[in-house]
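Read through the structure below, which is laid out as structure tokens, and then see the notes.
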Amino acid sequence: MDATLVEGELRSVNPATLEVVGAVAVTPLEAVSETVAEARLAQQQWARTSFAERRRLLGAVAQVLLERMDEIAATVTAETAKPLVEAFLSDVMVAVDNTVWIADNVEQTLRPERLRYPQLYLKHKRGRIEHVPLGAVAVIAPWNFPFAIPYTETAMAVAAGNAVLVKPSELTPLSGAWVERVFEEAGAPKGLVRVVQGDGEVGAALVRARGVAKVFFTGSVEVGRSVAAVAAERLCPVTLELGGKDPMLVFADAALERALDGAAWGSFFNCGQVCSGVERIFVEEPLYDRFVAGLAERAQALRIGRGDDFGSDLGPLISEEQRAKVEALVETARERVVTGGRRPETGLPGWFYEPTVIAGSSDELRGEEIFGPVVTVEPFGSEEEAVRLANDTRYGLGASIWTRDLDRARRVAGRLEAGSVWTNDVAYSYAAGQSPWGGFKDSGLGRTHSKHGFYACTQVRFVEEDSGRLGVPWWFPYDELAVDGFKGVLGTLYGQGLGARAGAAWRHRRGLVQLGRRYLR
């Protein structure tokens, strides 16, 4: 059975054993607005804190993460059945590393910026740009990285001066609950980070809540569109990280063993349930046959089992519905399956599926995000064809290039329609706080992480200071000399060459004199 909603509770199920992991109370719809109001009150105080105070909180949170890492990882593995190594790597380690980067960089990124005035007539003014917290923001998270995604977005928003309301996936409520808990144990102000639990109705209520200043959503394209549409009803901004169908371009000069190892991990990590996972591999023709055989061999060697078994490389899919979708897509290309394409014998009742390699690609597989342990491998004959095949998708989250020729890697990267492009590596940069994360095309809007993630958590305010000792020459009254004076300003400041500027000053001298008098009056 999938996770279920029973008598006001969400019951979480282990996808490998189908045993109930635990339960959380569903947040009543009428309580969502009250929770938002509490977060807004907490944020009003938090916005006045110094960067040093915010760094201290994040430092305390990092220590809680280290103290609780075994429990957090065990919860993630229980709810997703991903191998414990992956729970530590992609949820706990990502969280800690991002916390440290955020704390180290928040002040230099968001402190007020002095604004320079190159215009002579504004030299007496002093301006600055301020990055102002948004208020209370919502983070609606997916199940595939149920702690890392909501946590990293929450940590960045809190560092920027916001309160955060997290809505975890209904499939992984216990992992999402840890986000509030680690902040609470670190001594965060009451109400600053809150978790609301439930299905899509709770998420929709959160998006509609008038006190929510922005929505950060990670999930499917279809749901992302609906989130954006609901938020637009009240002009609430959104950041969307949506689906992906990442290409991997393998040129003939690539280090074959490294490329095969990267392809196996990029395709089958987290049972292929990764937005930036490799779904389409394009291999230059001289290397194609060896590559297909090598990848099939690696897929067959992966050990399938429950996540808390240290001998497992690959866990199950998250639900029966997801496995059925993957099976239906594979059936469209059954005759080209090189290896996999079946339910394995594991002795467990969960939603397992063999890692699957398909030679070539049907239209259905090319257009649809599979989100499972399935990858297609196609040959290409030229760099031009490789780029065309890679871009032939409505998605644009990530892409990778595998070659020893770094000049070619740079050239190809500049033509790929993707938010992240890696060379001889794949999908690692979500873990690095300094790297922006987001996609082109249907893969989303906006960015999280990096300085751009900080900017997404704030709004920009321009503040100017003027002593008031000088007059303002463009105020009333208007007259003919004012027109003459501004003509003189334009010609004198922006004319081409010294002669043109001097001529403009002489022709419009009467108007310029009047403007000067207005400054001094």
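The values are calculated or read from the model by the stated rules, or taken from the named source; none is laboratory data. The model shown is predicted, which means the values in this text are computed figures rather than measured ones. Every residue, glycine among them, receives a Cβ derived from its backbone with ideal geometry; neighbour counts consider all protein chains shown.
For (1) within 30 Å of A209 (Cα to Cα); (2) surrounded by 13 or more Cβ atoms within 10 Å (Cβ to Cβ); (3) among the charged types (D, E, K, R), each residue gets a yes or a no:
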| position | (1), (2), (3) |
| --- | --- |
| A39 | yes, yes, no |
| A42 | yes, yes, no |
| R48 | yes, no, yes |
| R54 | yes, yes, yes |
| L57 | yes, yes, no |
| A62 | no, yes, no |
| M69 | no, yes, no |
| V76 | yes, yes, no |
| E79 | yes, yes, yes |
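Take the conditions (1) in a strand (DSSP E or B); (2) over 25 Å from E297 (Cβ atoms); (3) hydroxyl-bearing (S, T, Y); S467 misses just one of them, which is (1).
Give the number of residues within segment 348-364 that are aliphatic (A, V, I, L, M) and crowded, with 22+ Cβ neighbours inside 10 Å. Working first, answer last.
Within segment 348-364, the first condition is being aliphatic (A, V, I, L, M), and the residues that meet it are 348, 357-359.
The next check asks that each one be crowded, with 22+ Cβ neighbours inside 10 Å; those that pass are 357-358.
Here the count works out to 2.
The listed residues are S312, S319, S276, S267, and the only one of them that is within 29 Å of L18 (Cβ to Cβ), surrounded by fewer than 20 Cβ atoms within 10 Å (Cβ to Cβ) and not hydrophobic (A, V, I, L, M, F, W, C) turns out to be S319.
Which residues, taken from segment 103-125, are assigned to a loop (DSSP other than H, G, I, E, B) and either closer than 30 Å to G471 by Cα or in contact with a Ser or Thr (Cβ under 7 Å, 6 or more places away or on another chain) (or both)?
To start, the set of residues in segment 103-125 that are assigned to a loop (DSSP other than H, G, I, E, B) comprises 111-112, 116-119, 123-125.
Listed by number, the residues that qualify are P112, R116, Y117, P118, Q119, K123, H124, K125.
Going through (1) closer than 30 Å to A228 by Cα; (2) exposed (fewer than 12 other Cβ atoms within 10 Å of the Cβ) one by one, E480 falls short only on (1).
Restrict the check to segment 38-61 and report whether at least one residue is touching a residue at least 12 places away in the same chain (Cβ under 8 Å) and farther than 17 Å from A157 by Cα. No, segment 38-61 has no match at all.
Which of the residues belonging to segment 504-521 are of a type in the set (A, V, I, L, M), surrounded by fewer than 16 Cβ atoms within 10 Å (Cβ to Cβ) and within 16 Å of L122 (Cα to Cα)? Passing the criteria: only L520. Meeting the requirement of 1 or more residues that are among the polar types (S, T, N, Q), in contact with a helix residue (DSSP H, G or I) (Cβ under 6 Å, 6 or more places away or on another chain) and touching a residue at least 24 places away in the same chain (Cβ under 8 Å), the helices (runs of 4 or more DSSP H) wholly within segment 156-266 are 173-185. Applying the criterion of being surrounded by 18 or more Cβ atoms within 10 Å (Cβ to Cβ) and either in contact with a Ser or Thr (Cβ under 9 Å, 6 or more places away or on another chain) or among the acidic types (D, E) (or both) to the residues of segment 288-301, the residue that is nearest to W143 (Cα to Cα) is A299.
Counting just the residues of segment 494-503 that are exposed (fewer than 11 other Cβ atoms within 10 Å of the Cβ) and not polar (S, T, N, Q), which one comes out nearest to L520 (Cα to Cα)?
Filtering segment 494-503 down to residues exposed (fewer than 11 other Cβ atoms within 10 Å of the Cβ) leaves 494, 496-499.
Imposing the further condition that a residue be not polar (S, T, N, Q) reduces the set to 494, 497-499.
On the way: Y494: 24, G497: 29, L498: 27, G499: 28 Å.
Among residues in segment 494-503 that are exposed (fewer than 11 other Cβ atoms within 10 Å of the Cβ) and not polar (S, T, N, Q), the one nearest to L520 (Cα to Cα) is Y494.
Evaluate the following for V106: is it modelled with pLDDT of 95 or more and within 20 Å of W437 (Cα to Cα)? Steps first, please.
Values: modelled with pLDDT of 95 or more: yes; within 20 Å of W437 (Cα to Cα): yes.
Here the answer is yes, as V106 does meet what is asked.
Residue under question is G485, and the condition is that it be surrounded by 17 or more Cβ atoms within 10 Å (Cβ to Cβ) and touching a His at 6+ places or on another chain (Cβ under 7 Å); does it hold?
Values: surrounded by 17 or more Cβ atoms within 10 Å (Cβ to Cβ): yes; touching a His at 6+ places or on another chain (Cβ under 7 Å): yes.
Answer is yes for this residue.
Tell me which residues, restricted to segment 292-311, are in a helix (DSSP H, G or I) and either at positive phi or among the aliphatic types (A, V, I, L, M) (or both). Talk me through it step by step, then tell me what you get.
Of all residues in segment 292-311, those in a helix (DSSP H, G or I) come to 292-301.
Within segment 292-311, V292, A293, L295, A296, A299, A301 meet the criteria.
Looking at G176, G187, G191, G211 in this structure, which one is under 24 Å from A159 (Cα atoms) and touching a Lys or Arg at 6+ places or on another chain (Cβ under 6 Å)?
Numbers: G176 fails: touching a Lys or Arg at 6+ places or on another chain (Cβ under 6 Å); G187 fails: touching a Lys or Arg at 6+ places or on another chain (Cβ under 6 Å); G191 fails: touching a Lys or Arg at 6+ places or on another chain (Cβ under 6 Å).
When all the criteria are applied, what remains is G211.
The set of residues from segment 422-452 being farther than 20 Å from V221 by Cβ and out of contact with any helix residue (DSSP H, G or I) (no Cβ under 6 Å at 6 or more places or on another chain) comprises W422, N424, D425, Y428, S429, A432, H449, S450, H452. Within segment 327-346, restricting attention to residues that are assigned to a loop (DSSP other than H, G, I, E, B) and within 10 Å of V374 (Cβ to Cβ), the residue that is modelled with the lowest pLDDT is A333.
Is it the case that G491 is in contact with an Asp or Glu (Cβ under 7 Å, 6 or more places away or on another chain), crowded, with 17+ Cβ neighbours inside 10 Å and modelled with pLDDT of 95 or more?
Working: in contact with an Asp or Glu (Cβ under 7 Å, 6 or more places away or on another chain): no; crowded, with 17+ Cβ neighbours inside 10 Å: yes; modelled with pLDDT of 95 or more: yes.
Considered against the rule, which asks whether it is in contact with an Asp or Glu (Cβ under 7 Å, 6 or more places away or on another chain), crowded, with 17+ Cβ neighbours inside 10 Å and modelled with pLDDT of 95 or more, G491 comes out as no.
Residues that are over 17 Å from Y121 (Cα atoms) and in a helix (DSSP H, G or I): does segment 486-497 have at least one? No, segment 486-497 has no match at all.
Working only within segment 401-419, note down all residues that are touching a Ser or Thr at 6+ places or on another chain (Cβ under 6 Å) and touching a residue at least 24 places away in the same chain (Cβ under 8 Å). Walk me through it before giving the result.
As a first pass, look at segment 401-419 and keep what is touching a Ser or Thr at 6+ places or on another chain (Cβ under 6 Å): 401, 409.
Of everything in segment 401-419, just one residue is touching a Ser or Thr at 6+ places or on another chain (Cβ under 6 Å) and touching a residue at least 24 places away in the same chain (Cβ under 8 Å), namely I401.
F145 satisfies every condition listed in (1) of a type in the set (F, W, Y); (2) part of a loop (DSSP other than H, G, I, E, B); (3) over 25 Å from the mean Cα position of the chain (by Cα) except (3).
Outside the structural domain of V375 (by TED's automatic domain parsing), touching a Phe, Trp or Tyr at 6+ places or on another chain (Cβ under 6 Å) and crowded, with 20+ Cβ neighbours inside 10 Å: does that describe V238?
Values: outside the structural domain of V375 (by TED's automatic domain parsing): yes; touching a Phe, Trp or Tyr at 6+ places or on another chain (Cβ under 6 Å): no; crowded, with 20+ Cβ neighbours inside 10 Å: yes.
Spelling it out, it is not the case that V238 is outside the structural domain of V375 (by TED's automatic domain parsing), touching a Phe, Trp or Tyr at 6+ places or on another chain (Cβ under 6 Å) and crowded, with 20+ Cβ neighbours inside 10 Å.
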